[in-house]
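Here is the structure we will look at.
The values are calculated or read from the model by the stated rules, or taken from the named source; none is laboratory data. Remember, predicted model here, so these are calculated numbers, not experimental data. So basically every Cβ, Gly included, is an ideal-geometry build from the backbone, and we count neighbours across all protein chains shown. Note: accessible area is taken over every heavy atom of the protein model, side chains too, but ligands, DNA and RNA are not part of it. Shrake-Rupley method; radii C 1.70, N 1.55, O 1.52, S 1.80 Å.
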Amino acid sequence: MSDYFKFETQNDCLVSLLHPEDPTHMNWVKAGCHWGKVVTGLKLAIEVRRQIKGGFLQETYAFTNPTEVPIYTGIKDIKIEIPFPDEYVNAKTSLTKRCHTHIWCGENSSYVLGLRMGGVAPHLGLILKEGSLAAYSVLRDQEQLSNDRGVFYLHLAPMILAPGETKQLIWELHWVKDKLDFEKIRQSYPNQLQIDLDHFVTLGEQQVQGKLWVSETLAFDSLSLQANGQMIALKATAFSLSGFDLGEQRVEVNYGNYHSHFCFLVYPKLTELLDKRVHFIADHQQHQASEVPELNGSFLSYDNEEGHQYYDQYNDYNAGRERVGMGVIIARYLQKHKDEKLYEQWQAYDAYVLRELFNPKIGEVFNDYGHRFYFRLYNYPWLINYFYEVYKLTQENKYVEYMDKAFRKFYQEGGTHFYPIGWHFSRWLPVIQDVKGKTTAQFWLEKIEQHADTLASVGLDYPAHEVNYEQSIVAPAVSVLLEAYMITEKQEYLNEAKKHLAVLELFNGFQPDHHLNQVAIRHWDGYWFGKRKVLGDTFPHYWSSLTGYAYLQYYQITGEKDYLAKAQRSIRASLSLIGRDGSASCAYLYPFKINETLGKFYDPLANDQDWALYYADLLFETKI
């Protein structure tokens, strides 16, 4: 393909931007939007210029102070619209004419990479050449709910404009083949910085080892790292990070006349996090009120802001569904720790599950207490995982019987065509064979093969689930196919899984921040599960761990260490949702602003995030 651009403008804004040889005619400007629209309430003279230069499109935004007094700007004061088409229409349209938008506002080293959701080039990279960006915001269309990520705005970093002074922001748009091609192009810019850490989340352990890449045009002695007022030693462009207090750490990077930063998280050991969390759940989130005896024993959401339990029969705040994850991690914890009080509290929860959420005769899984019916296949694997962990805890065969009943009911209700979250078949099958025998195990094996065959026949034309298209549709496709391969060793399952894995990887960012690095794009969970009910980017969200687990499975099969490293980053990233005191948050709202709501906060509601601990525990028990 050529490197040329085809575009149309209205009032100094792009309304259409295409690659002239793209057979899908994808418009990189979201319909009805205005790329390059400057939004500000300041008295500035603004000029926008565009020109094609050497195969890329350069955009210049010049800001002049026409007044007789200086103008001091803040992050909120000047923003520029960049409406990449990041929305989910359906799988076919999304994979060919929509993109995942990976944004990094790192002052002088800022960029945006739009990756077409199907992975077929050309992709579009925006690289800052001059100026500084501090943050991004999102304008959401509430009516689109989970299916439209919104319109993006890049915020200029604070600056001072003297009377009559002009300052400009310049970025350049490039067609790129993939992430590696984009990074290679970035290396041609003296202001662009590349940062790599072996861990962006440390868990009471080793030093962080890091490397920087800076332009060869910059003198080495111009490079410095600083955190908490202390300089960090550099050996060439390599460094180590240790001795930091617990919590998020921001490292400032100065190089030549440029400045950027990166963020990593220092956390306790996983065993400590798990210990704090399970006891917080038992002490604060177990229902014991006489007003609703049917709920007794259940684990409910918890409002950290007001300090009380929360329940609503509305699906995402009830006493079932994703909240079964609390029971799962407590059952796993008790397998390794003797704690009589916690064991009694778990027993009360187990009684609640068997009384209110499950019919042991036919294997039906209910949505909430009282056997309230809301048909939802997602609920089945979560309860099967619970029964599996309880069997490992108690060695009582009845829980394996419950696993089998729920498994059969799942497929009776159409599970062969479903993309389940947490379908850990290869973990479950040995227990089924040991307790239920070869005949039952053979039935299970036939079902997983039918399931994998069905997903393979559908290919990348994913059916809509609760969202039209999303990371947690693609990740289950990868995992089911890999599970089938691990059991059968049929090469066709591994080959098919690789196709889906390539699509799954496109959701994950690579920015130098623990909120973003190997974290899958999700942008609705704070609305459905949070107290604030904000519809916007959630970085991290615990279901991003599904991608990390798929990476881990792939590594276990192939031995490709790159996937182990990515699995570590992906799964560890979600642990910031678990507080060091055992409290928790369902989502972190990452943008500077979402519509009229300020972002950069953990939602106060502990709701469904405990699956993050579950996947982290699976990662650490894996022999790697």
Note on the chain, DSSP bridge orientation, antiparallel percent to nearest 5 equals 95 percent
Expressed in nm to one decimal, what extension gain is obtained for the pair Ser290 and Asp181 from 0.36 nm per residue of sequence separation less their Cα-Cα distance? 33.0 nm
Scoring only Lys, Arg, Asp and Glu (+1, +1, -1, -1) among other residues with Cβ under 15 Å from the Cβ of Ala331 yields -1
Here the gain from full extension of Glu252 to Tyr72, 0.36 nm per residue of separation minus their alpha-carbon distance, amounts to 62.5 nm
1.4 Å probe accessible area per residue over the chain, in Å²: 38 Å²
Given charges at beta-carbon only (K, R positive; D, E negative), |dipole| of the chain in Debye: 620 debye
Honestly region 104-219 on the Cα gyration tensor test (a ≥ b ≥ c root eigenvalues; a/c under 1.5 rounded, otherwise a/b vs b/c for prolate or oblate) is just rounded
For Tyr386, Tyr153, Tyr343, Tyr485, the accessible-area ranking with a 1.4 Å probe, largest leading, is Tyr343, Tyr485, Tyr153, Tyr386
So if each residue of separation counts as 0.36 nm, and I subtract the Cα-Cα distance between Asp461 and Lys235, what length gain in nm does that give? 76.4 nm
Note to self: C-alpha centroids of region 155-205 and region 289-367 sit apart, in Å, by 46 Å
In whole angstrom, note down how far apart the Cα centers of region 420-455 and region 1-54 are. 52 Å
Compare the Cα positions of Leu455, Tyr388, Ala121 along the charge dipole of the chain (+1 at Cβ of Lys, Arg; -1 at Cβ of Asp, Glu; about the Cα centre) and return the one farthest towards the positive end. Ala121
Ignoring any ligand, DNA or RNA, what whole percent of the accessible area of the chain comes from carbon and sulfur when the probe is 1.4 angstrom? 48 percent
Treat each spin label as a single point 7 Å out from the Cα along the C-beta direction, and report the Ser188 to Ser242 distance in nm. 4.1 nm
Using only Cα atoms and rounding to the nearest 10 degrees, what angle (0 to 90) does helix 270-284 make with the longest principal axis of the chain? 70 degrees
How big is the accessible area of Val458 in square angstrom, nearest 10, if you roll a 1.4 angstrom probe over the protein chains? 50 Å²
Using the Cβ atoms and a cut-off under 11 Å, what net charge is assigned to the surroundings of Trp543, where Lys and Arg are +1 and Asp and Glu are -1? -3
With -39,500 (n - 2.57) per DSSP H segment of 4 or more residues and division by the full residue count of the chain, the 222 nm estimate, nearest 500 deg cm²/dmol, is -10000 deg cm²/dmol
